[in-house]
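Presented below is the structure to which this report refers.
The values are calculated or read from the model by the stated rules, or taken from the named source; none is laboratory data. Note that the structure is predicted; figures quoted are calculated from it, not measured. For neighbour counting, all protein chains shown are included, and Cβ atoms are generated from backbone atoms with ideal geometry for every residue, glycine included.
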Amino acid sequence: MNLTKYALLFLAILNIVDTVLTYWGLEMNIIHEVNPLMLKLYSSHPIFFILIKFGLSIILWYLSKFDKVLSSSILKYTVILAIVSYLVVMLLHINWIVYFLEEKPNV
């Protein structure tokens, strides 16, 4: 069992979840994109933002298929750093979702 393979797949899933939540938050005007590159893509057209983010997840999935790539120690540490970063982003998403749900008046 290669943990780097599963870490890449987990990172791809985190990226997809981040894409969906960020898109939702931006469309509802609840959050602001702080990544300048993603903000430029989203500002151009939200579909560019979605396609690039989903494309990155596809690349991560594709990389998980190659044993030589998976044996790279640089990749292992980069993936770990990316996962930790995305987990922090997920905490931020949870924070604004909870805030949004608490602030929404009951009808």
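Just name the residue that is farthest from Thr4 (Cα to Cα) out of those in segment 77-107 that are of a type outside the set (A, V, I, L, M) and within 18 Å of the chain's Cα centre (by Cα). It would help to see each step written out before you state the result.
Here is the first cut: in segment 77-107, the ones of a type outside the set (A, V, I, L, M) are 77-78, 85-86, 93, 95-96, 99-100, 102-106.
Among the residues that remain, those that are also within 18 Å of the chain's Cα centre (by Cα) are: 77-78, 85-86, 93, 95-96.
Values: Tyr77: 9, Thr78: 10, Ser85: 16, Tyr86: 16, His93: 25, Asn95: 29, Trp96: 31 Å.
The residue in question is Trp96.
Could you please tell me which pairs satisfy a Cβ distance under 6 Å, a separation of 6+ or placement on different chains, a first residue in segment 2-19 that is over 15 Å from Val84 (Cα atoms), and a second residue that is modelled with pLDDT of 95 or more?
From segment 2-19, the pairs are Ile16/Ser57; Thr19/Lys53.
Considering only residues that are at pLDDT 95 or above and β-branched (Val, Ile, Thr), which ones fall in segment 26-61?
Within segment 26-61, Ile47, Ile50, Ile52, Ile58, Ile59 meet the criteria.
Considering segment 72-89 alone, what residues qualify as being exposed (fewer than 14 other Cβ atoms within 10 Å of the Cβ) and in contact (Cβ under 8 Å) with a residue 60 or more places away in the chain?
Leu87
Give me the residue from segment 55-71 that is touching a residue at least 12 places away in the same chain (Cβ under 8 Å) and surrounded by 14 or more Cβ atoms within 10 Å (Cβ to Cβ) and, out of that set, farthest from Asn2 (Cα to Cα).
Leu56
Test Leu39 against the stated conditions and say whether it is assigned to a helix (DSSP H, G or I), of a type outside the set (Phe, Trp, Tyr), surrounded by fewer than 18 Cβ atoms within 10 Å (Cβ to Cβ) and out of contact with any Cys (no Cβ under 6 Å at 6 or more places or on another chain).
Working: assigned to a helix (DSSP H, G or I): yes; of a type outside the set (Phe, Trp, Tyr): yes; surrounded by fewer than 18 Cβ atoms within 10 Å (Cβ to Cβ): yes; out of contact with any Cys (no Cβ under 6 Å at 6 or more places or on another chain): yes.
In short, yes.
If we keep just the residues of segment 20-30 that are in contact (Cβ under 8 Å) with a residue 12 or more places away in the chain and not in a loop (DSSP other than H, G, I, E, B), which is surrounded by the most Cβ atoms within 10 Å (Cβ to Cβ)?
Thr22
Run Glu33 past the list (1) surrounded by 14 or more Cβ atoms within 10 Å (Cβ to Cβ); (2) part of a helix (DSSP H, G or I); (3) free of Cβ contacts under 8 Å to residues at least 60 places away in the same chain and report the number of the one that doesn't hold.
Here Glu33 clears every test but (2).
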